[in-house]
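K.L.:
This is the structure, below, for whatever I ask next.
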Amino acid sequence: MEESLGKLVLDAPLAEPVTQRERISSVDTLRGFALLGILVMNVTTFAMPGVFDFNPTAIGSIGKLNLITWAVRFVLFDGKMRAVFSMLFGAGVILLTSRLEKRGEASRAADIFTRRNMWLTLFGVLHGYFLWVGDILYFYGITALLFLYPCRKLKARTLLIAGTTAFLVAAVYHGVRFEQRRHLAQRAAVASSAEAAGQTLSDEQKDDVKAWQAVFSRTHPDQKTLEKEIAEMRGGYFSVIKYYAPIISDAQSNQYYRFFFCDALGMMLIGMGLLRLGFLSAQLPYRAYAWTAVIGYAIGLPLGALCAFEVWKRNFHPIAIIEWEFLPYDIQRLGVAIANASVVLMIVKAGALKWITRPLAAVGQTALSNYLGTSLICTLLFNGYGLGLFAKLQFYQLFFVVAGVWFFNLTASTLWLKYFRFGPMEWLWRSLTYWKLQPILREHAQAPAEIATAEA
């Protein structure tokens, strides 16, 4: 694979951004596919009370159609598209640094890598606090700064083992968390029964009841809590960012290390390993991708369906959510994510369906612009300082919004890249990283690129 990576890096000026001729079509196409798929999950964070993703019935009776739609979304999309996106981010580390090293710029690779991810981290802070609470750029930037650069030289097997180990650490944490919550629920139930029987509760029992009520309320909030959130999100801009502030503060500190660190790191390391194997650059034989898809779907889809059924059957009880949404989470989502990637890579490898793979690649090539642009569009649609549609549409209706945003992403990205070398945010990011304004207009005399990315 090292030789294959070398073939991807052509002669170009030193210490400058990736050129169009250096791009890998499979990577950009897969990135575009993942980015569009992420909106299927994110749309409810834009448009519904935050509890909806874990317990869609918390907002009231939503009907069987919406519940089925929720279950299908959970099985096919929840965590799967983000997983692919994270894998590609990890793969980009190898592509960026190897390109610089091949050009004799190894001494500057660490500097460029560090500045690149420091700016990405800052973009994540600004995005989370001032536009939308569901930011992932901060997680990517911090994880890259902490761990990825030293891993760039590791062998594929080592990277895959390390990525899997990160998931095992997360599984142990969720297992401990599950046992703690289960015992808390049991103690609270005993205390409540004792209180109902007229017994005086100890301070410890009172604390257990109070703690369990707090846990339960997070997945089953009362109407007053829901109405407060809806009112805040339908308010003006400062009302929205004031509501977001404590949530994003917790997400980019406590929640990152408790939940998202192993999630992001594990997928990034696996992505680095899959690039070294030639998987992400579509260099493996068709049968390898076909078998990977079959095995991934055979594991992930039934397990995901079982998880959705169990939490539904148990009325989205907090214990059931941890037991079925969190404990088997990485197994089922990794299987479906790699299976999805395999199908896309087979299509790209065969040169088929170019009517859709080319626009997808354009979206992938301008991924940062599309990610932030989608946040801007959706916040203007749903927040009070825009159209104020928050909590006004049924769940299934949100997918008409998703389709409209997809159409815009695909069309705008394709048109933009006819005239410009980079997306607007990619241009800014590269200019800041290399501390030099980058040329943005495309030279039409130069042969257009096929697609994909070593850097974005």
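The values are calculated or read from the model by the stated rules, or taken from the named source; none is laboratory data. Note that this is a predicted model, so its numbers are computed, not measured. Here the Cβ positions follow ideal geometry from the backbone for every residue, glycine too, while neighbour counts run over all protein chains shown.
Residue by residue, here is whether (1) modelled with pLDDT of 95 or more; (2) farther than 28 Å from residue 71 by Cα holds:
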{"site": "337", "(1), (2)": "yes, no"}
{"site": "344", "(1), (2)": "yes, no"}
{"site": "351", "(1), (2)": "no, yes"}
{"site": "360", "(1), (2)": "yes, no"}
{"site": "368", "(1), (2)": "yes, yes"}
{"site": "374", "(1), (2)": "yes, no"}
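K.L.:
When you go through (1) closer than 30 Å to residue 215 by Cβ; (2) modelled with pLDDT under 95; (3) surrounded by fewer than 22 Cβ atoms within 10 Å (Cβ to Cβ) one by one for residue 283, which number turns out not to apply?
P.N.:
(1)
K.L.:
Would you confirm whether any residue within the stretch 97-106 is among the basic types (Lys, Arg), crowded, with 20+ Cβ neighbours inside 10 Å and more than 19 Å from the chain's Cα centre (by Cα)? Don't jump to the end; show me each part of the working.
P.N.:
Start the filter on the stretch 97-106 by keeping residues that are among the basic types (Lys, Arg), which leaves 99, 102-103.
Then drop every residue that is not crowded, with 20+ Cβ neighbours inside 10 Å, which leaves 99.
Pick out the ones that are also more than 19 Å from the chain's Cα centre (by Cα) and you get 99.
The answer is yes, given that some residue of the stretch 97-106 is among the basic types (Lys, Arg), crowded, with 20+ Cβ neighbours inside 10 Å and more than 19 Å from the chain's Cα centre (by Cα).
K.L.:
Considering only the stretch 388-409, state which residues are over 24 Å from residue 237 (Cα atoms), in contact (Cβ under 8 Å) with a residue 60 or more places away in the chain and in a helix (DSSP H, G or I).
P.N.:
399, 406, 409
K.L.:
I'm told residue 324 meets every condition in (1) in contact with an Asp or Glu (Cβ under 6 Å, 6 or more places away or on another chain); (2) surrounded by fewer than 19 Cβ atoms within 10 Å (Cβ to Cβ); (3) not acidic (Asp, Glu) except one. Can you identify the failing condition by its number?
P.N.:
Going through the list (1) in contact with an Asp or Glu (Cβ under 6 Å, 6 or more places away or on another chain); (2) surrounded by fewer than 19 Cβ atoms within 10 Å (Cβ to Cβ); (3) not acidic (Asp, Glu), residue 324 breaks only (2).
K.L.:
Here's something else I'd like to know. With the structure loaded, tell me whether residue 65 is modelled with pLDDT under 95, surrounded by fewer than 22 Cβ atoms within 10 Å (Cβ to Cβ), under 28 Å from residue 356 (Cβ atoms) and not hydroxyl-bearing (Ser, Thr, Tyr) or whether it fails that test. Even if it seems obvious, please write down each step before you answer.
P.N.:
Details: modelled with pLDDT under 95: yes; surrounded by fewer than 22 Cβ atoms within 10 Å (Cβ to Cβ): yes; under 28 Å from residue 356 (Cβ atoms): yes; not hydroxyl-bearing (Ser, Thr, Tyr): yes.
Here the answer is yes, as residue 65 does meet what is asked.
K.L.:
When residue 396 is evaluated against the numbered criteria (1) of a type in the set (Phe, Trp, Tyr); (2) touching a Leu at 6+ places or on another chain (Cβ under 8 Å); (3) closer than 26 Å to residue 141 by Cα, which criterion, by number, is the only one it fails?
P.N.:
So the condition that residue 396 fails would be (3).
K.L.:
Further question on the same structure: Just to be sure before I move on: is residue 198 modelled with pLDDT under 95 and on the phi > 0 side of the Ramachandran plot in the structure I sent?
P.N.:
Working: modelled with pLDDT under 95: yes; on the phi > 0 side of the Ramachandran plot: yes.
Yes; evaluated as a whole, the condition is true for this residue.
K.L.:
Residues being in contact with a Gly (Cβ under 8 Å, 6 or more places away or on another chain), more than 12 Å from residue 47 (Cα to Cα) and crowded, with 20+ Cβ neighbours inside 10 Å: count how many of those fall in the stretch 369-389.
P.N.:
Going through the stretch 369-389 one residue at a time, the tally reaches 2.
K.L.:
Let me ask something additional. Taking the stretch 272-308 on its own, how many of its residues are over 22 Å from residue 158 (Cα atoms) and part of a loop (DSSP other than H, G, I, E, B)?
P.N.:
Total meeting the criteria: 1.
K.L.:
While we're looking at this one, here's another question. May I ask you to verify whether residue 111 is touching an Asp or Glu at 6+ places or on another chain (Cβ under 9 Å) and at pLDDT below 95? Let's see the steps before the verdict.
P.N.:
Values: touching an Asp or Glu at 6+ places or on another chain (Cβ under 9 Å): no; at pLDDT below 95: yes.
No; evaluated as a whole, the condition is false for this residue.
K.L.:
A further question follows. Can you confirm whether residue 403 is farther than 30 Å from residue 229 by Cβ and among the aliphatic types (A, V, I, L, M)? Give the derivation first.
P.N.:
Working: farther than 30 Å from residue 229 by Cβ: no; among the aliphatic types (A, V, I, L, M): yes.
The answer is no for residue 403.
K.L.:
If you check residue 362 against the conditions, is it small (Gly, Ala, Ser) and buried (at least 21 other Cβ atoms within 10 Å of the Cβ)?
P.N.:
Working: small (Gly, Ala, Ser): yes; buried (at least 21 other Cβ atoms within 10 Å of the Cβ): yes.
Taking the combined requirement at face value, the residue satisfies it.
K.L.:
So in the stretch 410-445, with the set limited to residues that are without any contact (Cβ under 8 Å) to a residue 24 or more places away in the chain, part of a loop (DSSP other than H, G, I, E, B) and not charged (D, E, K, R), which one is farthest from residue 73 (Cα to Cα)?
P.N.:
Once the filter is applied, the top-ranked residue is 445.
K.L.:
Hey, another quick one. Checking residue 404 against (1) surrounded by fewer than 19 Cβ atoms within 10 Å (Cβ to Cβ); (2) out of contact with any Leu (no Cβ under 7 Å at 6 or more places or on another chain); (3) over 12 Å from residue 39 (Cα atoms): exactly one of these is not met. Which one?
P.N.:
The single condition residue 404 does not satisfy is (3).
K.L.:
Would you mind stating whether residue 263 is of a type in the set (Asp, Glu), in a helix (DSSP H, G or I), in contact (Cβ under 8 Å) with a residue 60 or more places away in the chain and surrounded by 17 or more Cβ atoms within 10 Å (Cβ to Cβ)?
P.N.:
In short, yes.
K.L.:
Follow-up question, since we're still on this one. Exactly one condition in (1) hydroxyl-bearing (Ser, Thr, Tyr); (2) at pLDDT below 95; (3) over 27 Å from residue 323 (Cβ atoms) is false for residue 249; which is it?
P.N.:
Single failed check for residue 249: (2).
K.L.:
Can you pull out the residues in the stretch 39-62 that are under 15 Å from the mean Cα position of the chain (by Cα), of a type in the set (Val, Ile, Thr) and either at pLDDT below 95 or crowded, with 22+ Cβ neighbours inside 10 Å (or both)? It would help to see each step written out before you state the result.
P.N.:
Initially, the stretch 39-62 is screened for residues under 15 Å from the mean Cα position of the chain (by Cα), giving 39-46, 53.
Now drop any that are not of a type in the set (Val, Ile, Thr), which leaves 40, 43-45.
Residue satisfying the conditions is 43 alone.
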